[in-house]
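The block underneath contains the structure these notes are about, expressed in structure tokens.
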Amino acid sequence: MNINEQIKQQILNAAEQNYQKFSASLIPNINNVAGVRIPKLRSIAKDFYKKYKDDCLIPFDAEYMEEIMVRGIIIGLLKKTSDEMLNIIKDFIPLIDNWAVCDIFCGGLKFTQKNKEKVWEFIYPYLNSKKEYEIRFALVMLLSYFVEEKYLTKIFAILDRFSHEGYYARMAAAWLLSICYVNYPEITEKYLLKSKLDNWTYNKSIQKICESLRVDKETKTKLKTFKRK
């Protein structure tokens, strides 16, 4: 049994029928969810990486979403140069077809923390993509690794230019702005008062900020008055 077959078999062995129904309901745009919990997928990825290293990334045809997710997790475990990592990431991005794979993948790319300028240059072109999950990839990378004061002006400029009808792209933009507010409320509030974001994404940003446990009740009441009609 080759590596691809082994990974698929591990996924099928770990699949749970009830969790499959729950997980599939959260990702309505795809129909290939096996139903494996994220901690188990991380464990599978770590085991295969430990055993096979780079051989885990051999070409594969995925029947289940979790097969793609395991490969994405493995990429985050690689010990490569930044240029090598970015080339591998570039090849993986076209496989992203839902928010779950996107967000788990981005969360594992910890090498970004020591290569921020290079990764910023890499993800920037994806912000202008017409493809929903390429844009979401770039936005989730921003909210995961670049919400720092030195990048805020650039992030706000990106949000002002943001224009996409895709629900998951819009939600990522709202999520990004909410993370900016939670970490830098005064600076972000000034941006909110002059933001060029479309009304839906802007209002969703306010909603997500108000859902944060790190924002006090009084501030939430004020922010709700910022919503557009």
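The values are calculated or read from the model by the stated rules, or taken from the named source; none is laboratory data. Quick caveat, the model's predicted, so the values are computed rather than measured. Reconstructed Cβ throughout: ideal geometry from the backbone, glycine too, with neighbour counts over all protein chains shown.
In the stretch 68-96, which residues are in contact with a helix residue (DSSP H, G or I) (Cβ under 6 Å, 6 or more places away or on another chain) and either over 18 Å from I123 (Cβ atoms) or small (G, A, S) (or both)? Those that are in contact with a helix residue (DSSP H, G or I) (Cβ under 6 Å, 6 or more places away or on another chain) and either over 18 Å from I123 (Cβ atoms) or small (G, A, S) (or both): I68, M69, V70, G72, I73, I74, L77, S82. Restrict the check to the stretch 62-74 and report whether at least one residue is touching a Gly at 6+ places or on another chain (Cβ under 6 Å) and touching a residue at least 24 places away in the same chain (Cβ under 8 Å). Yes, that holds for at least one residue.
So which residues in the stretch 1-48 are of a type in the set (D, E, K, R), outside any helix (DSSP H, G or I) and out of contact with any Phe, Trp or Tyr (no Cβ under 7 Å at 6 or more places or on another chain)? Of everything in the stretch 1-48, just one residue is of a type in the set (D, E, K, R), outside any helix (DSSP H, G or I) and out of contact with any Phe, Trp or Tyr (no Cβ under 7 Å at 6 or more places or on another chain), namely E16.
Within the stretch 149-198, the only residue that satisfies the criterion of being under 23 Å from C102 (Cβ atoms), among the acidic types (D, E) and without any contact (Cβ under 8 Å) to a residue 24 or more places away in the chain is E165.
Matching residues to (1) at pLDDT below 95; (2) crowded, with 18+ Cβ neighbours inside 10 Å:
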position	(1), (2)
N4	yes, no
N13	no, no
L26	no, no
V33	no, yes
V36	no, yes
P59	yes, no
Y64	no, yes
E67	no, yes
G76	no, yes
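The single residue among S163, S129 that is among the hydroxyl-bearing types (S, T, Y) and modelled with pLDDT under 95 turns out to be S163.
Determine whether the stretch 133-142 contains at least one residue that is basic (K, R) and either touching a Gly at 6+ places or on another chain (Cβ under 6 Å) or surrounded by fewer than 19 Cβ atoms within 10 Å (Cβ to Cβ) (or both). Steps first, please.
To start, the set of residues in the stretch 133-142 that are basic (K, R) comprises 136.
Among the residues that remain, those that are also either touching a Gly at 6+ places or on another chain (Cβ under 6 Å) or surrounded by fewer than 19 Cβ atoms within 10 Å (Cβ to Cβ) (or both) are: none.
Checking the stretch 133-142: not a single residue is basic (K, R) and either touching a Gly at 6+ places or on another chain (Cβ under 6 Å) or surrounded by fewer than 19 Cβ atoms within 10 Å (Cβ to Cβ) (or both).
If you take the residues of the stretch 49-60 that are assigned to a loop (DSSP other than H, G, I, E, B) and in contact (Cβ under 8 Å) with a residue 40 or more places away in the chain, which of them is farthest from K8 (Cα to Cα)? Looking at residues that are assigned to a loop (DSSP other than H, G, I, E, B) and in contact (Cβ under 8 Å) with a residue 40 or more places away in the chain, I get I58.
So is L177 assigned to a loop (DSSP other than H, G, I, E, B), at pLDDT 95 or above, crowded, with 19+ Cβ neighbours inside 10 Å and of a type outside the set (D, E, K, R) or not?
Numbers: assigned to a loop (DSSP other than H, G, I, E, B): no; at pLDDT 95 or above: yes; crowded, with 19+ Cβ neighbours inside 10 Å: yes; of a type outside the set (D, E, K, R): yes.
So L177 does not fit the description; no.
Answer yes if at least one residue in the stretch 38-50 is within 24 Å of L176 (Cα to Cα) and either modelled with pLDDT of 95 or more or surrounded by fewer than 20 Cβ atoms within 10 Å (Cβ to Cβ) (or both), and no otherwise. For the stretch 38-50, residues within 24 Å of L176 (Cα to Cα) and either modelled with pLDDT of 95 or more or surrounded by fewer than 20 Cβ atoms within 10 Å (Cβ to Cβ) (or both): present.
Can you find a residue that is within 21 Å of K194 (Cβ to Cβ), of a type in the set (A, V, I, L, M) and either in contact with a strand residue (DSSP E or B) (Cβ under 9 Å, 6 or more places away or on another chain) or not in a helix (DSSP H, G or I) (or both) anywhere in the stretch 125-133? Before you say what the answer is, go through the steps one by one.
First pass over the stretch 125-133, keeping only residues within 21 Å of K194 (Cβ to Cβ): 127.
Next cut, of a type in the set (A, V, I, L, M) only: 127.
Filter again for either in contact with a strand residue (DSSP E or B) (Cβ under 9 Å, 6 or more places away or on another chain) or not in a helix (DSSP H, G or I) (or both), leaving none.
No: zero hits.
Against the numbered list (1) outside any helix (DSSP H, G or I); (2) among the polar types (S, T, N, Q); (3) closer than 22 Å to D103 by Cβ, T201 comes up short only at (1).
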